[in-house]
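First comes the structure, then the notes that go with it.
The values are calculated or read from the model by the stated rules, or taken from the named source; none is laboratory data. The model shown is predicted, which means the values in this text are computed figures rather than measured ones. FYI the Cβ positions are ideal-geometry reconstructions off the backbone, even for glycines, and counts take in every protein chain you see. Heavy atoms of the whole protein, side chains included, go into the accessibility calculation; ligands, DNA and RNA do not. Shrake-Rupley method; radii C 1.70, N 1.55, O 1.52, S 1.80 Å.
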Amino acid sequence: MFDASLIRDRLPFVDARLRARGMDPSAALGELSSLDAERRRLIPIVETLKRESNASAEAVARAKREGRDPSEIFAANRARAQEIRAHEATLVEIEAARDARLLTLPNLPHESVPVGASAADNVEVRRWGTPRAFAFEPKPHWDLGAALGILDFERAARMSGARFSVLSGAGARLARGLINFMLDVHTREHGYREIEPPFLVNAAALTGTGNLPKFEQDLFKIAGDWDLFLIPTAEVPLTNLHREEVLDGKALPIRYTAYTPCFRSEAGSYGADVRGLIRQHQFDKVELVKFTTADQSYDELEALVRNAETILQRLELPHRTVLLCTGDMGFASAKTYDIEVWLPSQQTYREISSCSNTEAFQARRAQIRYKPEGGGKNQFAHTLNGSGLAVGRTLIAILENGQQEDGSIVIPEALRPYVGMDRLEGS
């Protein structure tokens, strides 16, 4: 959420950074400026009336000492109280309108983010590994999985509809092994604390991370009187672990990781990646979340990206890391790196992790502060998140990059202790 004082004190800067995202913020910023001006006009009026009201007690006492009738003072005080209540009610309305408008504005891009309109303007940062040269035409994962008897879309469609899948036998074991492998690396080597959070959260939690109110159409809401939604990512419950708390600055950074299923309606993505596991309504993911001070957050972002890259390197999967431009960033992000894994069937890199620094954007919405180590006023924490990794897309990459001409799949060496096999040949 925006710091409202930025709009008051640095309006041209805010306008320019939002325009770099590809939006025209004129109407929103104009409305917010007007609301803020009216708020600032009313606050001193209310404060003056309250001071006068407090002073009236002394006026009454003085009138009684002098033998005068204080009824006029009482009447003036009653009128003043009514005026205070009216102004305070107006202030509540103004602040509610201001906060509702602020919730619709995206985060401001960090100055290091390249300005651009779309994914075509993203900047490649580095590559790791060389895509394998096949002596045969590599097959897509949906053909490989069906031939091995480990991946079934038809049965999933009969029970749940399109964009669901069933993994069975060695396929299910492979997914479970990937989850355990990722969690072990992040907890034992990278210093994250493993969490098992709820898979259902309330609207306040989703507002805190920026999913609500703007992206409600992308969520699955529980029917009936429940104020609960299925989580779109573990980022939501992990970030809200410290909702409305004041953290000890000496304890920062705090690092959490969690495996959860994720649920997304994929509204607006009809026709995109309709085959296979790339874009599903339900998928598994290991998530990474950090709470930091403002001074730590960008170093911690670079470390988070390296943590996610480590998983791909251990699995011997070629990948590249790109810095997203202003026009391709997520709503809550101030800076985002995407990690893309090579898929032989498509002869291209596809996103497998997105790692973002939201700065104080989420913390301000969720009221997460920290007490600075050297003392002073409490500050909003910076929050970071990233996939470490998306399990289904990692499984896709293993199937496609490890496929052999006979249809079997060579399992990466680092994963073999987790799945109990070095080659996948069906179940």
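Note on the chain: Lys pairs 8 or more places apart or on different chains, Cα atoms under 18 Å apart, count 5.
Which of the GluC sites (Glu not before Pro) found in segment 191-275 are in a DSSP loop and have at most 11 neighbouring Cβ atoms, other than their own, within 10 Å?
In loop regions of segment 191-275 (DSSP not H, G, I, E or B), the sparsely surrounded GluC sites (Glu not before Pro) are Glu244.
Rounded to the nearest whole angstrom, the semi-axes of the ellipsoid equivalent to the chain, taken from the Cα gyration tensor as √(5λ), stand at 53, 21, 20, largest first.
Taking 20 °C and 1.002 mPa s as conditions, segment 1-98 diffuses translationally at an estimated 131 µm²/s according to Stokes-Einstein applied to its Kirkwood radius (Cα pairs). With all projection directions averaged, the alpha carbon convex hull of segment 114-161 covers 7.1 nm².
Specify the longest stretch of the chain that does not include any exposed loop site, a site being one of the chymotrypsin sites (Phe, Trp or Tyr not before Pro) with a non-H, G, I, E, B DSSP assignment and at most 11 other Cβ atoms within 10 Å.
It works out to 271-427.
Sorted largest first, the principal axis extents computed over the alpha-carbon atoms of segment 202-249 equal 39, 20, 17 Å.
Each helix, a run of at least 4 DSSP H residues, gives -39500 (n - 2.57); summed and divided by the residues of the chain, these come to -12500 deg cm²/dmol at 222 nm.
Spatially, segment 1-37 and segment 296-324 are offset by 33 Å when compared through their Cα centroids. Please work out whether segment 224-358 counts as rounded, prolate or oblate from its C-alpha gyration tensor, where a ≥ b ≥ c are the square roots of the eigenvalues and a/c under 1.5 means rounded, while otherwise a/b larger than b/c means prolate and anything else oblate? Here segment 224-358 falls in the oblate category. Pairwise alpha-carbon distances in segment 285-427 exceed 26 Å for 37% of all pairs. Ligands, DNA and RNA left out, the accessible area of the chain computed with a 1.4 Å probe is 49% carbon and sulfur.
Solvent-accessible surface of the chain, averaged per residue with a 1.4 angstrom probe and all protein chains in place: 47 square angstrom.
Go through segment 95-181 and name the GluC sites (Glu not before Pro) that are in a DSSP coil and have 13 or fewer other Cβ atoms within 10 Å of their Cβ. Within segment 95-181, the qualifying GluC sites (Glu not before Pro) (loop, at most 13 other Cβ atoms within 10 Å) are Glu111. Using bins of 10 Å that start at zero, the share of Cα-Cα pairs per bin across segment 325-408 amounts to 16, 31, 24, 16, 10, 3, 1, in whole %.
For segment 151-209, the square roots of the Cα gyration tensor eigenvalues, ordered a ≥ b ≥ c, give a/c of at least 1.5 with a/b no greater than b/c, which places it in the oblate category.
Here is the P(r) of segment 47-135: all C-alpha pair distances, binned every 10 Å from 0, give 12, 20, 15, 12, 10, 10, 8, 7, 4, 2, 1 in whole percents. For segment 5-22, backbone phi angles converted through the Karplus equation (6.51, -1.76, 1.60; θ = phi - 60°) give residue-by-residue couplings of 5, 4, 5, 6, 9, 9, 4, x, 5, 4, 4, 5, 6, 6, 5, 5, 7, x Hz, Gly and Pro being listed as x. Under 1.5 on a/c is rounded, so check that first for segment 134-250, then, if it is not, pick prolate when a/b is larger than b/c and oblate when it is not; a ≥ b ≥ c are the square roots of the alpha carbon gyration tensor eigenvalues. The shape class here is oblate. When you restrict to C-alpha pairs under 8 Å that are six or more residues apart and normalise by the size of the chain, the relative contact order lands at 21 percent. The rule of thumb for compact globular proteins, 2.2 N^0.38 Å, goes into the C-alpha radius of gyration of segment 42-192 2.38 times. Centre-to-centre separation between the Cα atoms of segment 159-203 and those of segment 351-427: 10 Å.
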